[in-house]
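The values are calculated or read from the model by the stated rules, or taken from the named source; none is laboratory data. This is a predicted model, so every value here is computed, not measured. A quick note on method: Cβ atoms are made from the backbone with ideal geometry, for glycine too, and the neighbour counts reach across all protein chains shown. Side chains are part of the model used for accessible areas, which takes the heavy atoms of the whole protein and leaves out ligands, DNA and RNA. Shrake-Rupley method; radii C 1.70, N 1.55, O 1.52, S 1.80 Å.
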Amino acid sequence: MRDDTKIWLNYADDNLKSSKILLESFLFNPCLHNIQQTVEKSLKAILIEKEIKLKRTHDIYELKNLLLDEGIAVALSDDDCDFINAIYMPSKYPIISVLPEFDPDESMCSRGIDIAERVINSVKRCLNDTA
């Protein structure tokens with residue numbers, strides 16, 4: 001595995017660990033932000049490893065589709081992409097969300113952590129299978 005890939009995965013791991021600590025502290029917005037970052041950095045790690053041109057985007061659909069175009073599938077459904085994309089902006093800035101009545105709570109964070117864990121584990125398996 002490339003050194004750059006390891007760095008991106010380490011950052012993604014840190015974001016995932018942070019999201020769990022933030023959830024335990026009932027800090028839902030920063031928890032959600034770290035969840036989004038876990039997924040984004042995990043997907044970008046594969047792009048880096050495979051030397052696929054990295055785009056400056058936070059759009060999880062776009063990253064997932066870049067991978068799919070290269071025949072790389074990760075454990076991330078369209079519903080997961082919707083959820084992760086929907087939490088990005090409102091978890092970072094106090095603006096109107098695409099989620100109806102965005103009011104982050106424990107269940108939303110738990111759902112996000114489940115998605116992030118699934119994605120990062122899928123990415124690690126994918127990278128280990130091609131190493």
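Hey, any hits in region 91-108 for a residue that's surrounded by 19 or more Cβ atoms within 10 Å (Cβ to Cβ) and either modelled with pLDDT of 95 or more or more than 16 Å from the chain's Cα centre (by Cα) (or both)?
yes
Output the number of residues of region 49-61 satisfying the condition of being surrounded by fewer than 19 Cβ atoms within 10 Å (Cβ to Cβ) and either over 16 Å from CYS126 (Cα atoms) or under 16 Å from the mean Cα position of the chain (by Cα) (or both). Write out each step before concluding.
Here is the first cut: in region 49-61, the ones surrounded by fewer than 19 Cβ atoms within 10 Å (Cβ to Cβ) are 50-59, 61.
Keeping just the survivors that are either over 16 Å from CYS126 (Cα atoms) or under 16 Å from the mean Cα position of the chain (by Cα) (or both) gives 53-59, 61.
Residues that pass the stated criteria total 8.
Considering only residues that are in a loop (DSSP other than H, G, I, E, B) and either within 15 Å of the chain's Cα centre (by Cα) or without any contact (Cβ under 8 Å) to a residue 24 or more places away in the chain (or both), which ones fall in region 6-43? Full working, then the answer.
The first filter runs over region 6-43 and keeps only residues in a loop (DSSP other than H, G, I, E, B), leaving 25-27.
If the condition is that a residue be in a loop (DSSP other than H, G, I, E, B) and either within 15 Å of the chain's Cα centre (by Cα) or without any contact (Cβ under 8 Å) to a residue 24 or more places away in the chain (or both), then SER25, LEU27 are the ones that fit.
LEU76 fails exactly one of the following numbered conditions: (1) open to solvent by 70 Å² or more (accessible area, probe 1.4 Å); (2) modelled with pLDDT of 95 or more; (3) in a loop (DSSP other than H, G, I, E, B); (4) not aromatic (Phe, Trp, Tyr). What is the number of that condition?
Of everything listed in (1) open to solvent by 70 Å² or more (accessible area, probe 1.4 Å); (2) modelled with pLDDT of 95 or more; (3) in a loop (DSSP other than H, G, I, E, B); (4) not aromatic (Phe, Trp, Tyr), LEU76 misses just condition (1).
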